[in-house]
């Protein structure tokens, strides 16, 4: 069951001890008060701490008519009645004591008191009881030390990445108690789709760090944002932002789940498969590998020339209703197993130089020297090479396979997007066209789902262009420089891996010891990225 969000006042979270003279006092007719010195070792600033003074008598009945509190170091000690008068709310089980109060030998009475410090330091008060008909007064002491509740929560931005409807996103944050207090830390959310499984306050000891697990349950896959507030009672310790399904404003590493160099915002249509992203070679697998919106285009499974046949082998399956296999040239609609050889016979007009019906015989067995279905008369540019003929698939082999007078276009040896780099091929030195190898996206045209041309992606390309929002958006969410990391050096990437980006307040994203979650050491280095902190 998901817990409700709530804020809890901290009670009894500090140690009480009796110090100094702890013997029983017998000042007013055998009236005893224990302890005579209440020592509150440490308590949080801004939160009430409740303690008791215990009254009884050994023999005589005594009527107490008043209790007064004399603070030495500020109005921090008070009766619970005064606390209520000032707007405080008492926890369950604590009630003000009403005066006059009769103390008998047979009763023990606890008088609740409050230590409510509003500043750090040591504080002292004297508590005096007056008795009816007696000139004497009984005075005991209470002293306390106060410290400010402080904790750091990191990272400052929690990005759940892509979370689909029906699933739960899970993320971890770390909470570190930065005070000497024992803190009962609670959380509150302003959106109930974000939640935590911890339904009780987490108790953190002094300077202790723990992991906190956050969850997100989406009702749709639109971008979502919320905050979680970490508190001790009504004292806010930290507020951090949570986002989900927001690859445009999210952390690159959270939105490239398959580590292929593309986020969903930069055109990755399947972020669970590193083999699917813009610029990859399409494969015959009934998947849109290159994310251009077309499945298996330019593969043997698709009828590329629209003649009703794909170039899969006979007996295999083509993609599309009514499409048959066996096309021996899927770049020429006049060539397929359903065609007839042009006007069979000896008339020279019947000889077009093509194996129209894909039976392996060109024009009745005339001059097709390499058996690729085309003669020189039909445009075969390498009549001795069966891999080269009009409409053939271009191969990375330094040969014009499709006889269009361009060598290796569309292959890993050709700079298709004109950025100076080709993908490269093991065993080959350089590119057929291009200055160097290593391009991780050599697409000549951007896919319909992407908002960038391939020419912005090559080894050494800038990850962003500062000061130009339009260009920054164009470059964002892509491994532009082909080094395996998305958006490094930008304001939305956590380059020093300390849990904070420049957008999240990191004032030095090259130094993990400087961020909003660090403790200021007073050395002039601004470790917490807050210039106002001394």
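Would you mind stating whether residue 176 is not in a strand (DSSP E or B) and not assigned by TED's automatic domain parsing to the domain that holds residue 53?
No; evaluated as a whole, the condition is false for this residue.
Given (1) surrounded by 19 or more Cβ atoms within 10 Å (Cβ to Cβ); (2) more than 30 Å from residue 217 (Cβ to Cβ), identify the lone condition not met by residue 96.
(1)
Inspect the stretch 135-156 for any residue being part of a loop (DSSP other than H, G, I, E, B), farther than 28 Å from residue 515 by Cβ and modelled with pLDDT under 90 and give the result as yes or no.
yes
State which residue pairs qualify: first residue more than 14 Å from residue 331 (Cα to Cα) and assigned by TED's automatic domain parsing to the domain that holds residue 330 and inside the stretch 373-392, second residue in a helix (DSSP H, G or I) and at pLDDT below 90 in any location, beta carbons under 8 Å apart, and separation of 6 or more residues or different chains.
Hits for this filter: 383/376.
Of all residues in the stretch 193-206, which are part of a loop (DSSP other than H, G, I, E, B), surrounded by 14 or more Cβ atoms within 10 Å (Cβ to Cβ) and modelled with pLDDT under 90?
Of the residues in the stretch 193-206, the ones part of a loop (DSSP other than H, G, I, E, B) are 193, 197-201, 205-206.
Narrowing further to those that are surrounded by 14 or more Cβ atoms within 10 Å (Cβ to Cβ): 193, 198, 201.
Answer for the stretch 193-206, where residues must be part of a loop (DSSP other than H, G, I, E, B), surrounded by 14 or more Cβ atoms within 10 Å (Cβ to Cβ) and modelled with pLDDT under 90: 198, 201.
Need the failing condition index for residue 163 against (1) modelled with pLDDT under 90; (2) outside any strand (DSSP E or B), just the number.
(1)
Please specify each residue of the stretch 52-83 satisfying the condition of being under 20 Å from residue 235 (Cβ atoms) and modelled with pLDDT of 90 or more.
First, pick out the residues of the stretch 52-83 that are under 20 Å from residue 235 (Cβ atoms): 74-78, 83.
75, 76, 77, 78, 83, listed by residue number.
Table: residues versus (1) modelled with pLDDT under 65; (2) in the same structural domain as residue 174 (by TED's automatic domain parsing); (3) under 20 Å from the mean Cα position of the chain (by Cα).
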site	(1), (2), (3)
449	yes, no, no
452	yes, no, no
474	yes, no, no
481	no, no, no
485	no, no, yes
488	no, no, yes
491	no, no, yes
504	no, no, yes
513	no, no, no
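What strands (runs of 3 or more DSSP E) lie completely within the stretch 42-112 and have 3 or more residues being within 15 Å of residue 31 (Cβ to Cβ) and without any contact (Cβ under 8 Å) to a residue 60 or more places away in the chain?
49-57
Give the residue, chosen from 415, 408, 404, 368, that is crowded, with 23+ Cβ neighbours inside 10 Å, under 19 Å from residue 334 (Cα atoms) and out of contact with any helix residue (DSSP H, G or I) (no Cβ under 6 Å at 6 or more places or on another chain). So that I can check it myself, show each step before the final result.
On the way: 415 fails: under 19 Å from residue 334 (Cα atoms); 408 fails: under 19 Å from residue 334 (Cα atoms); 404 fails: crowded, with 23+ Cβ neighbours inside 10 Å.
Step by step, each of 415, 408, 404, 368 is checked, and only 368 is crowded, with 23+ Cβ neighbours inside 10 Å, under 19 Å from residue 334 (Cα atoms) and out of contact with any helix residue (DSSP H, G or I) (no Cβ under 6 Å at 6 or more places or on another chain).
Could you tell me which residue of the stretch 116-145 is nearest to residue 73 (Cα to Cα), considering only residues that are buried (at least 18 other Cβ atoms within 10 Å of the Cβ) and under 48 Å from the mean Cα position of the chain (by Cα)?
123
Return the total of residues in the stretch 222-245 being out of contact with any strand residue (DSSP E or B) (no Cβ under 9 Å at 6 or more places or on another chain) and closer than 26 Å to residue 167 by Cβ. Give the derivation first.
Here is the first cut: in the stretch 222-245, the ones out of contact with any strand residue (DSSP E or B) (no Cβ under 9 Å at 6 or more places or on another chain) are 222, 234.
From the residues that got through so far, the ones that are closer than 26 Å to residue 167 by Cβ too are 222.
The number of residues fulfilling the criteria is 1.
Return the total of residues in the stretch 318-327 being closer than 24 Å to residue 401 by Cα and surrounded by fewer than 22 Cβ atoms within 10 Å (Cβ to Cβ).
Within the stretch 318-327, residues that are closer than 24 Å to residue 401 by Cα and surrounded by fewer than 22 Cβ atoms within 10 Å (Cβ to Cβ) number 2.
Mind checking whether some residue in the stretch 182-192 is assigned to a loop (DSSP other than H, G, I, E, B) and without any contact (Cβ under 8 Å) to a residue 40 or more places away in the chain? Outline the logic, then answer.
Going residue by residue through the stretch 182-192, those that are assigned to a loop (DSSP other than H, G, I, E, B) are 182, 190-192.
Retained after the next criterion (residues that are without any contact (Cβ under 8 Å) to a residue 40 or more places away in the chain): 190-191.
Yes, there is a match, as at least one residue in the stretch 182-192 is assigned to a loop (DSSP other than H, G, I, E, B) and without any contact (Cβ under 8 Å) to a residue 40 or more places away in the chain.
The values are calculated or read from the model by the stated rules, or taken from the named source; none is laboratory data. Since we're looking at a predicted model, the values are computed, not measured. Because the Cβ atoms are built from the backbone with ideal geometry, glycine has one as well, and the counts that use them run over all protein chains shown.
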